[in-house]
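One structure is given below, encoded as structure tokens.
Quick note: the coordinates plus some simple rules give every number you see, no bench work behind them. Computed from a predicted model, the values in this text were never measured in an experiment. All Cβ positions, even for glycine, are placed from backbone atoms using ideal geometry, and neighbour counts span all protein chains on display.
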Amino acid sequence: MSAYKNLLDDGIELIHQGKFKEAIESISKSIELKNDWEISYFYRAVAYQANENMEEAILDYTKAIKLNPKMCDAYYNRAKIMLEIKNCEINLDKIIDDLNMALSLDENFIDALFAMAAALKKKGDYHKALEYLDRLLQLQPDAVHARALKKLLLQKYIV
């Protein structure tokens, strides 16, 4: 097995152990040896995200997507970070674009359906948010968070 793959595997194992700084170091060394593999950028972004370095995580998710435009989880993770960042210039259209890409790659991506509903709620598009929640609830009828958000939308925003 090649050195870059061993370093990546070590980094992934370190992520599972909760050793995010060490994971970032190992995966960065892997990227130094092979910088055109989206998986390395994706996992380093996961480690950055877990280590609460959101700017670096967004950059690596973006690089992973550039290398492989079909990385469903990278679109979702990048959108999720942007949705959660406080005191930041939030570009809801960019978030919605990322979630649309994730859902075009996996139309039954439960977390992306919920995140889309949340983004649309933030944008004030309550009826469209309900559509995504209904899709989610068809797939997972017991989804507590989706039920709660739907109830909030119906009671507070849609009269």
Report summary line: Least to most buried among D134, D60, by other C-beta atoms within 10 Å and fewest first, runs D134, D60
Query raised in the report: What's the center-to-center distance, using Cα atoms, between segment 100-142 and segment 33-62 in Å?
Result: 25
Query - Residue-averaged 222 nm ellipticity for the chain, from DSSP H runs of 4+ at -39500 (n - 2.57), nearest 500 - result: -24000 deg cm²/dmol
Requested in this report: Please report, in Å, the Rg and the Dmax of segment 6-53, where both are computed over Cα atoms only.
Outcome: 9.2, 26
Query raised in the report: Counting only complete DSSP H runs, which helices of the chain cover 15 Å or more along their long axis at the Cα atoms and score a mean Kyte-Doolittle of 0.5 or above?
Result: 92-105, 110-123
Requested in this report: Give the Cα extents of the chain along the principal axes, in whole Å, largest first.
Outcome: 59, 33, 28
**Report entry** For segment 87-159, alpha-carbon Rg and Dmax in angstrom
**Finding:** 12.0, 34
Report task. Sort H145, H127 so that the residue with the fewest other Cβ atoms within 10 Å of its own Cβ comes first and the one with the most comes last. Result -> H127, H145
Query raised in the report: Local charge sum around F109 (other residues, Cβ-Cβ under 11 Å, Lys/Arg +1, Asp/Glu -1)?
Result: -3
